[in-house]
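A.B. asks: Provided herewith is a single structure, encoded as structure tokens, for subsequent inquiry.
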Amino acid sequence: MKKNPKNGSKEPRIIPRAAHNVTRAEFSKSALKVLYRLNKAGYQAFLVGGCVRDAMLELHPKDFDVATDATPEEVKALFGNCRLIGRRFRLAHVRFGREIIEVATFRAAAIHEHDDHHSDDEGRILRDNVYGSIDEDVWRRDFTCNALYYNIADFSIWDYTDGFEDVKKKRIVLIGDPEKRMREDPVRMLRAVRFAAKLEFEIDEPVIRAIDHHSHLLTNVPAARLFDEFLKLFQAGNAERTFDLLRDHGLFREMFPATAEELDADADFMRFTRAALQNTDRRVKQGKSVTPMFLLGVFLWLPVKKLAEIRRSEEKMSESQALALAAYEIVAQQQRRISIPKRFTVPMREMLSLQPRFEFKRGKRAMKLLDHRRFRAAYDFMLLLSEVGQGSEETAKFWTDVQTQSAAERATSFQLGQPTGQKNRRPRRRRRKKSTQSP
Ligand code: ATP
Ligand code: MG
């Protein structure tokens with residue numbers, strides 16, 4: 001068995017109930033039910049990870065991970081409302097209405113010092129699937145703040161890694177050798193940033209160094225997993241802080257290379273991107289829905305726009321057509337890093353390619369834009385551009401106004417149109433084709 005890399009022992013520090021602030025009121029009733037029943041049946045039952053950390057910080061945890069010495073089959077035998085999931089490593093999901101409590105059997109890290117069967121050339125863990133005890137389970141966790149176990153038997157916290165102190169000190173500290181742990185799973189670099197942004201913690205210096213050394217390894221992470229991480233990074237209400245940290249630590253360019261390049265060169269694009277991030281954070285805090293396609297569209301906007309101009313100089317096509325084509329190519333490039341599901345790429349391309357159509361405010365065709373299924377997203381996108389001074393305010397006002405007008409008023413608006421909307425166009429004469437966008 002591996003020894004505690006931090007203090008050389010495998011004895012936990014046990015923090016009794018009287019010495020910590022984690023109350024059961026912070027935990028869901030369902031999670032507590034699971035813990036009590038496991039415990040009554042003679043098993044060890046702990047809450048572990050984010051929920052203990054968040055409870056300590058009074059952040060009202062939302063999902064609850066239970067760790068136990070019961071095997072998945074033993075868990076299933078105790079709960080009627082239980083399903084076993086995962087082929088490689090089985091987990092029990094106990095369902096209470098819409099809430100699911102995940103119950104995991106203690107696991108040992110499958111990778112050992114001199115055993116490279118379980119990792120790839122760069123040290124990435126490929127398998128991680130041996131049951132163990134709590135004092136093995138702890139070492140496969142990422143950060144000390146995520147490795148606290150709350151024991152339902154006496155409401156104490158078990159701490160093998162000094163996580164308790166690190167939470168108090170607000171520090172993101174990796175368990176074990178940071179260089180090795182980052183190589184094992186490069187996603188931990190993104191997790192470090194995500195927790196730092198969410199919890200307003202400082203990232204420990206050795207962790208920062210390990211990120212500096214290994215940021216390029218993100219390219220080895222399956223693109224589908226990076227999409228999941230993208231959602232967690234940018235839809236949790238701390239998108240702007242996360243964005244800054246990702247950039248500070250050279251991670252953003254690994255995720256969005258084309259975007260990163262444009263951001264460095266173009267202050268207007270940076271302002272637009274920032275406005276979108278702030279907007280996303282505001283929506284999340286207000287409990288409004290956010291779609292990843294909006295922010296992805298923002299990130300890819302300038303690369304798409306630039307490529308569209310090139311495509312248009314090569315071949316006759318409308319601005320909308322060029323944007324749609326360019327979006328297709330840029331998204332394809334981006335997919336090599338982060339696989340964005342089609343249900344987001346398709347509406348995103350529509351949102352981007354509708355942008356030139358806002359300039360046409362006269363006639364039936366202009367009016368029809370209001371009924372386009374992507375109008376709302378495209379309108380929000382256009383509004384954001386105009387808010388940061390990229391796009392005419394008059395156009396933004398026109399499209400804002402017509403949405404609240406009566407049918408008669410609206411018909412008049414589209415009859416009069418706003419011919420001045422044309423003045424923002426590039427001076428180059430537009431080539432006419434059977435355009436899909438003529439007024
Ligand atoms: P949150 O739910 O707020 O995102 P969390 O800490 O619960 O935070 P999860 O992704 O839900 O994060 O993971 C649960 C726990 O599993 C973590 O606290 C950590 O102990 C462990 N864990 C998750 N991902 C990794 C990883 N890539 N490497 C090591 N341990 C991990
Ligand atoms: Mg969690």
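A.B. asks: Let me have the 222 nm mean residue ellipticity of the chain computed from DSSP H runs of 4+ only, each contributing -39500 (n - 2.57), with the sum over all residues rounded to the nearest 500.
C.D. replies: My calculation for the chain gives -14500 deg cm²/dmol from helical runs alone.
A.B. asks: Please give the FRET efficiency for H60 paired with T219, using the beta carbon to beta carbon distance and R0 = 25 Å, rounded to the nearest 0.05.
C.D. replies: 0.10
A.B. asks: Separate question: I want to verify the translational diffusion coefficient of segment 127-263 in µm²/s; compute it with Stokes-Einstein, Rh as the Kirkwood radius over Cα pairs, at 10 °C and 1.306 mPa s.
C.D. replies: Roughly 100 µm²/s, to the nearest whole number.
A.B. asks: Okay, next question. Please tell me the relative contact order of the chain in percent, rounded to the nearest whole number, where contacts are Cα pairs under 8 Å and at least six residues apart.
C.D. replies: On the way: 666 pairs, mean separation 45.2, N = 439.
Relative contact order for the chain comes out at 10 percent.
A.B. asks: Stokes-Einstein diffusion coefficient for segment 222-353 at 20 °C in a medium of 1.002 mPa s, Rh from the Kirkwood formula over Cα pairs: what value in µm²/s?
C.D. replies: Translational D for this selection: 142 µm²/s.
A.B. asks: Of all alpha-carbon pairs in segment 13-173, indicate the percentage at a distance above 19 angstrom.
C.D. replies: 55
A.B. asks: Label points 7 Å out from Cα along the Cβ direction at E205 and E309: separation in nm?
C.D. replies: 4.5
A.B. asks: Also, quick follow-up: Given the whole protein assembly as supplied and a 1.4 Å probe, what does the accessible area of I14 come to in Å², nearest 10?
C.D. replies: It works out to around 90 Å².
A.B. asks: Estimate the FRET efficiency between R95 and V388 by the formula 1/(1 + (r/R0)^6), using the beta-carbon distance for r and 45 Å for R0, to the nearest 0.05.
C.D. replies: Numbers: r = 45 Å, r/R0 = 1.01.
After rounding, the FRET efficiency stands at 0.50.
A.B. asks: Turning to a different aspect of this structure: For K397 and R365 in one chain, what is 0.36 nm times their gap in residues minus the Cα-Cα distance, to one decimal in nm?
C.D. replies: Gain on extension, K397 to R365, equals 9.7 nm.
A.B. asks: At a 1.4 Å probe radius, carbon and sulfur cover how many percent of the accessible area of the chain?
C.D. replies: 49
A.B. asks: May I pose another question? Measuring with a 1.4 Å probe in the full set of protein chains, what accessible area per residue, in whole Å², belongs to segment 356-415?
C.D. replies: 53
A.B. asks: Divide the volume of the convex hull of the Cα atoms of the chain by its number of residues and quote the answer in cubic angstrom per residue.
C.D. replies: Value for the chain: 170 Å³ per residue.
A.B. asks: Checking a compactness column here: for segment 356-415, what do you get for Rg(Cα) / (2.2 N^0.38 Å), N being the number of residues?
C.D. replies: Working: Rg = 11.0 Å, N = 60, 2.2 N^0.38 = 10.4 Å.
Segment 356-415 yields a ratio of 1.05.
A.B. asks: Still on this structure, I have one more. Among 243-253, 143-153, how do they line up by average Cβ neighbours within 10 Å per residue, starting with the highest?
C.D. replies: 143-153, 243-253
A.B. asks: Please list the helices of the chain that count as membrane-span-like by this rule: a mean Kyte-Doolittle hydropathy of at least -0.5 together with Cα atoms stretching 15 Å or more along the helix axis, each helix being a complete DSSP H run.
C.D. replies: Answer set is 29-40, 187-199, 223-234, 292-314, 319-335, 342-353, 375-387.
The values are calculated or read from the model by the stated rules, or taken from the named source; none is laboratory data. It should be emphasised that the depicted structure is a prediction, and the values quoted were computed from it without experimental measurement. Neighbour counts are summed over all protein chains in view; Cβ atoms, including those assigned to glycine, are modelled from backbone coordinates with ideal geometry. Protein only, heavy atoms only, side chains kept; ligands, DNA and RNA dropped before computing areas. Shrake-Rupley method; radii C 1.70, N 1.55, O 1.52, S 1.80 Å.
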